[in-house]
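The values are calculated or read from the model by the stated rules, or taken from the named source; none is laboratory data. What you are looking at is a predicted structure, and each value in this text was computed from that prediction instead of being measured. Here Cβ is always computed from backbone atoms with ideal geometry, including for glycine, and neighbour counts include all displayed protein chains.
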Amino acid sequence: KNGLNTRFIGQNIHWEYEVNSTNSLALQLADQGYPEGTLVVSESQKQGRGRLGRSWISQPETGIYMSLILRPTFVPIQAARITFISAIAVVEAVKEVLGIDARIKWPNDVMIHGKKTAGILTELRAEMESIHYVVVGIGINVNNMYFPKALREKVTSLVLEYQEKVSRIKLLQALLRTFERWYLRALNEQPGQTFERWRELSCTLGNLVEVNLGDEIIRGLATRLEPNGSLYLKLDSGEERQILAGDVTMIAS
Ligand code: BTN
């Protein structure tokens, strides 16, 4: 009746016209016991949050700003899977609805023609051995026509790439369906299945990159991705470095 072809992802919808952040709201609702699969979605965010303490520009009625509450049965060290499947689901939904090939820039930026179109922010409440819940937030630039000047080289939207207004509802339906398919796989995982797909869609692997680690910037060849989500760089010195979090810029070679 809601046009959703899913078993539980998005079957419970919490919609607001405006919120501070769908992730913050979803964390509160998860604390109150809202069930697995609850979708928190808003037309705009006043304080959309990004990774590494950044903000996420959330123009009203243009993008998709959403968060899902999940209560996965796997252990915390496997939580990277949630981020993998979110990025995979965005890529596959964009392909299904618009026929556009998007790729994943490490760790989880969805890129079209080298520009960022969507971002993912995963927040976990867990103890050593068990996950209480996970909130995964997805922001997609859909019908955004303009970006601040400083971002124009780096950021794009689906309408700018597709050249036609995009139905956010259709995209959301496809996204939830794809997400559920991958989430069910992740729960009953044949080892590495979601990781393999994430790696296959990576546009970082094999490229020369620069990584901003906050206190230093390093440069090297992206040689390896690991199932825990980490990236390995081979530096000019020959040294191999494992990166767990940071900001990647591709270097044209
Ligand atoms: C990033 O690329 O840094 C992650 C951006 C994540 C943005 C989404 S928008 C919906 C959800 N609510 C938030 O406050 N952030 C995420």
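Worth a mention:
- Residues that are out of contact with any Gly (no Cβ under 7 Å at 6 or more places or on another chain), of a type in the set (S, T, N, Q) and assigned to a helix (DSSP H, G or I), drawn from region 1-52: S24, Q28
- Unique match (being assigned by TED's automatic domain parsing to the domain that holds L68 and not hydroxyl-bearing (S, T, Y)) among L160, L225, L221: L160
- Residues located in region 175-220, provided they are of a type in the set (A, V, I, L, M, F, W, C) and within 15 Å of the chain's Cα centre (by Cα): L175, L176, F179, W182, F195, W198, L201, C203
- The residues of region 79-105 that are closer than 19 Å to E200 by Cβ, of a type outside the set (D, E) and either within 12 Å of the ligand (Cβ to nearest atom) or surrounded by fewer than 20 Cβ atoms within 10 Å (Cβ to Cβ) (or both), listed by number, are T83, S86, A87, V90, K95, G99, I100, R103, I104, K105.
- Hey, D109 near the ligand (Cβ under 10 Å from one of its atoms) and either among the aromatic types (F, W, Y) or within 30 Å of L205 (Cβ to Cβ) (or both) or not: yes
- Output for region 33-60, where each listed residue is closer than 26 Å to M145 by Cβ, near the ligand (Cβ under 8 Å from one of its atoms) and surrounded by fewer than 19 Cβ atoms within 10 Å (Cβ to Cβ): Q47, G50, R51, R54
- Residues in region 113-134 that are within 13 Å of the ligand (Cβ to nearest atom), more than 17 Å from G37 (Cα to Cα) and among the hydrophobic types (A, V, I, L, M, F, W, C): A118 alone.
- Where strands (runs of 3 or more DSSP E) sit wholly within region 107-182, those with at least 1 residues that are surrounded by fewer than 17 Cβ atoms within 10 Å (Cβ to Cβ) occupy 115-126, 131-140.
- When residues in region 228-243 are screened for being surrounded by fewer than 13 Cβ atoms within 10 Å (Cβ to Cβ) and either part of a strand (DSSP E or B) or in the same structural domain as I88 (by TED's automatic domain parsing) (or both), 2 of them pass.
- Any hit, region 2-11, residues being among the basic types (K, R) and more than 13 Å from the ligand (Cβ to nearest atom): yes
- Looking only at residues of region 61-78 that are among the polar types (S, T, N, Q) and outside any loop (DSSP other than H, G, I, E, B), we find that the one that is farthest from the ligand (Cβ to nearest atom) is Q78.
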